[in-house]
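Notes follow once the structure below has been shown.
FYI, it's all coordinate maths here, none of it is from the lab. None of the values given here were measured: they were computed from a predicted structure. Here the Cβ positions follow ideal geometry from the backbone for every residue, glycine too, while neighbour counts run over all protein chains shown.
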Amino acid sequence: MTDTELMWRIAGGSGDGIDSTSQNFAKALMRAGLNVFTHRHYPSRIRGGHTYVEVRADSEPVRSRGDGFNFLLALGDSFARNPSEDAFYGDEEVKPLTENLDELNEGGVIVYDEGLLEGDDVANLNERAEENDWHVYPLDLRGLAREHGREVMRNTAGVGATAALLDMDITHIEDLMEDAMSGDVLEANLQILEEAYEDVKDNYEFTHDLRAPTGEHDEQQVLLSGSNAIAYGAIDEGCRFIAGYPMTPWTDVFTIMSQHLPDIGGISEQVEDEIAAAALAIGASHTGVKAMSGSSGGGFALMSEPLGLAEMTETPLVLIEAMRAGPSTGMPTKPEQADLEHVLYTSQGDSTRVVFAPGNIRECYDQIRAAFRIAYEYQIPSILVYDQKLQGELRNVDESFFDREPNADPGTTMTEEEIAEAAHHASGKFQRFGEGDENGVSPRSVPGQKGGRFLATGNEHSPEGHISEDTENRVRQMDRRLGKLDTIREELDGADDSHQTYYGPDTAEYGIMVWGSHQDTVFEAVDRLNDAGHSVKALGVSDLMPYPEAEVTEFIESVEECLVVEMNATAQFRGLTQKELGRFGPKLNSFLKYNGEPFEPYEVVEGFERTVDGAPDVPEGTKFVPAAGD
């Protein structure tokens, strides 16, 4: 975090257009040459409620949400069902102002809509503003919007006021409006934007020092979420079928895929439940199409049985598991990393699957492509696990990063000529589950190929697919299926680009291990720790099954102690590491957070200092668990 960066939070009610307004503001900042990162907070109640989005912007790369924020645009909740302090959820109309003040940094700026928030709503604001050196600008955004159009346009007025107070050029904002609107609606919004901008410039004395940073990009940028990157990577890797049922936060990937697949000859099916979704994807893959499905939480639990079927029938399949806070329905719109053990071990018997956990948008794209490649080369399910944080946050990425060759290769499917030369049973059935190649991958035909007829069953089976309980056959088939994981691990270890991400000085004395969406938050904390005189490096682990034993071993052996940072209450990744590498248990401390909010960099800094210096406290909402034996 720097003194010059902008951390802008827009707050309102569900239905007030907070998400779309913040996306457009972030895109305008990106077009102005800045690097941006967004964080979204919204309620899971159908009736809506207080929601906000943060936009962090700087001329330097930004990898995480910041520590607090320094500019609040509080619109109030115009959809508040019961604006009364005595209501069960309190006065929801004023929450976009009152519930955001505790995280506003000293010296911050507040713009609030006095057309909606007035009187008792802001009774103690001036006192708190004086204590914290906040600079408060009450503006009648609602009145301005009503004067020129509809009330929802007060968002536009708020953005105009923001730009004026930050001394921003509004050209990029106007360009975005012209891209998205036309006619009277465009003219009304442009008029409101310009009038709010000029009104603040002409009639308010600026008492604050905060200004918009300035920057310049070396190349064209795009603004994407993890969901965008997953969907685009799947399409580039040749996925042409998806089946699913909506469930937050998986729905984003499903929606994006459904929007694009029909344009490229693909198929999207929304079905009655998640069992049907996974089964449909298995059926599509069985016919030779690259297919995927996915869900979140309880929806993915329903996929356990078809997941086992894909493992037993060795049908390639890619599944997405978008984690959220549980158990059961939990907190559907809040991030958590508590589904790790579920994803690794759910379904019947011993698991033969690959599981990746990308740490940022670039890794989402790369690793979904790797998931498809491995699934279709080795005829196993691949699972990509991420969470609500990575699903929704927006970051700018070099457009050239996605300049890759598409891959429509169906994997290890045989031609009819190859099938004719392959082994067949005396009955004429193709030996689909025969000995296979040196990697344990059996020959694969698809329906309709001459000479490729075989049986596919969820029971243990003979090489041609007949149900078999023969003991020798059972051991042979299990060893062959499980052996694929050893070969995959060897392939991943030998690849030019590891999925594990190293950060910090090689010779550092202490280590931090992390997996998934808060990887870059940890990396920012590592920079701060080293700047403060500590000696620390980090390892972001993406390969969860098969586990990257060699890389993790080398990292842990190189440090005196290691802090494992994750968003769950039971230290599931630390437990996985100790399962695979038990001798390192005494070196591994845990730093956990499971209150529904992602880590902020300062929290990781303080968690590390608790490890090294034995500080007695960690930030509220986090938990330190010392190494076994400490």
At what distance in angstrom do the alpha carbon centres of the stretch 224-281 and the stretch 395-409 lie from each other? 18 Å
The stretch 583-588 - phi-based ³J(HN,Hα) in whole Hz, Karplus 6.51/-1.76/1.60, Gly and Pro as x: 5, 8, x, x, 8, 9
How tilted is helix 519-531 with respect to the longest principal axis of the chain? Cα atoms for both, answer in degrees (0 to 90, nearest 10). 60 degrees
What is the distance, in nm, between label points placed 7 Å from the Cα along the Cα-to-Cβ direction at Arg583 and at Phe206? 6.1 nm
Estimated FRET transfer efficiency when R0 is 60 angstrom, pair Asp175-Asp506 (beta carbons, to 0.05): 0.85
Over all distinct alpha-carbon pairs, what is the Kirkwood Rh of the stretch 6-203 in angstrom? 16.9 Å
Global form of the stretch 416-494, assessed from the alpha-carbon gyration tensor, a/c cut-off 1.5: oblate
Subtracting the Cα-Cα distance of Asp403 and Thr415 from 0.36 nm times their residue separation yields 1.3 nm
Which order do the peptides 191-204, 19-32 take when ranked by the mean count of other beta-carbon atoms within 10 Å per residue, highest first? 19-32, 191-204
Would you please put 456-469, 147-160 in order of how densely packed they are, using the mean number of other Cβ atoms within 10 angstrom per residue and starting with the highest? 147-160, 456-469
What does the highest-first list of 519-526, 400-407, 101-108 look like by mean Cβ count within 10 Å? 519-526, 101-108, 400-407
Inter-part gap, Cα centre of the stretch 289-328 to Cα centre of the stretch 356-391, in whole angstrom, is 13 Å
Sum of side-chain charges, Glu606 neighbourhood, beta-carbon under 13 Å (Lys, Arg +1; Asp, Glu -1): -3
Which of the lysines could a cross-linker bridge to Lys537, judged by Cα under 24 Å and excluding same-chain residues fewer than eight apart? Lys389, Lys579, Lys587, Lys593, Lys623
Calc'd 3J(HN,Hα), the stretch 18-30, phi into Karplus 6.51 cos²θ - 1.76 cosθ + 1.60 (θ = phi - 60°), Hz, glycine/Pro = x, comes to 5, 5, 5, 5, 5, 4, 5, 5, 4, 5, 5, 5, 4
Tell me, Glu435, Glu205 in order of fewest to most beta-carbon neighbours within 10 Å? Glu205, Glu435
